[in-house]
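The values are calculated or read from the model by the stated rules, or taken from the named source; none is laboratory data. Because the structure is a prediction, the values reported are computed rather than measured. Using ideal geometry, Cβ is built from the backbone for each residue, glycine included, and neighbour counts are taken over all protein chains shown. Surface areas here come from the heavy atoms of the whole protein model, side chains and all, with no ligands, DNA or RNA. Shrake-Rupley method; radii C 1.70, N 1.55, O 1.52, S 1.80 Å.
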Amino acid sequence: MSICIKDQIQNMNIVISCTVGCTYCYARNNVKRWHMIEDFSDPEFFPGKLKMMEKKRPQNFLLTGMSDLSGWKPEWRDEVFVKIRENPQHQFLFLTKRPD
């Protein structure tokens with residue numbers, strides 16, 4: 001039996017855009033194709049998506065599918081981490097190319 005990872009992880013796209021600038025970036029291509037934001041080099045925060053974390057059933061959330069955690073403003077991170085602490089039933093995944 002095979003399992004599709006997309007069925008196991010909810011991608012929140014809570015921040016869209018990335019300042020890393022990889023030439024092979026799939027997120028930039030999707031943003032451009034679907035006109036999600038005006039400028040991919042200028043990250044945008046979508047706090048309304050935090051409501052997704054209020055689900056009672058445990059979920060796996062990817063918070064950086066269309067961004068890099070290193071490009072988030074500190075106040076965005078603070079708001080997201082408060083919501084994470086309020087919802088311990090879930091697991092949260094973050095990706096970054098700048099672990100420092």
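Some points to look at:
- Here is the figure for the stretch 22-56: residues that are closer than 23 Å to HIS90 by Cβ and free of Cβ contacts under 8 Å to residues at least 24 places away in the same chain total 2.
- Test: residue in the stretch 30-42 that is in contact with a Pro (Cβ under 6 Å, 6 or more places away or on another chain), on the phi > 0 side of the Ramachandran plot and not hydrophobic (A, V, I, L, M, F, W, C): no
- Residue in the stretch 82-97 that is farthest from ASP39 (Cα to Cα), counting only those that are touching a strand residue (DSSP E or B) at 6+ places or on another chain (Cβ under 7 Å) and open to solvent by 60 Å² or more (accessible area, probe 1.4 Å): GLN91
- In the stretch 40-58, the qualifying residues are those that are more than 20 Å from ARG98 (Cα to Cα) and touching a helix residue (DSSP H, G or I) at 6+ places or on another chain (Cβ under 8 Å), and the one that is surrounded by the fewest Cβ atoms within 10 Å (Cβ to Cβ) is PRO47.
- Some residue of the stretch 5-17 being charged (D, E, K, R), more than 13 Å from the chain's Cα centre (by Cα), at pLDDT 90 or above and open to solvent by 90 Å² or more (accessible area, probe 1.4 Å): no
- Checked across the stretch 59-81, the condition of being touching a helix residue (DSSP H, G or I) at 6+ places or on another chain (Cβ under 7 Å) and open to solvent by 80 Å² or more (accessible area, probe 1.4 Å) holds for at least one residue.
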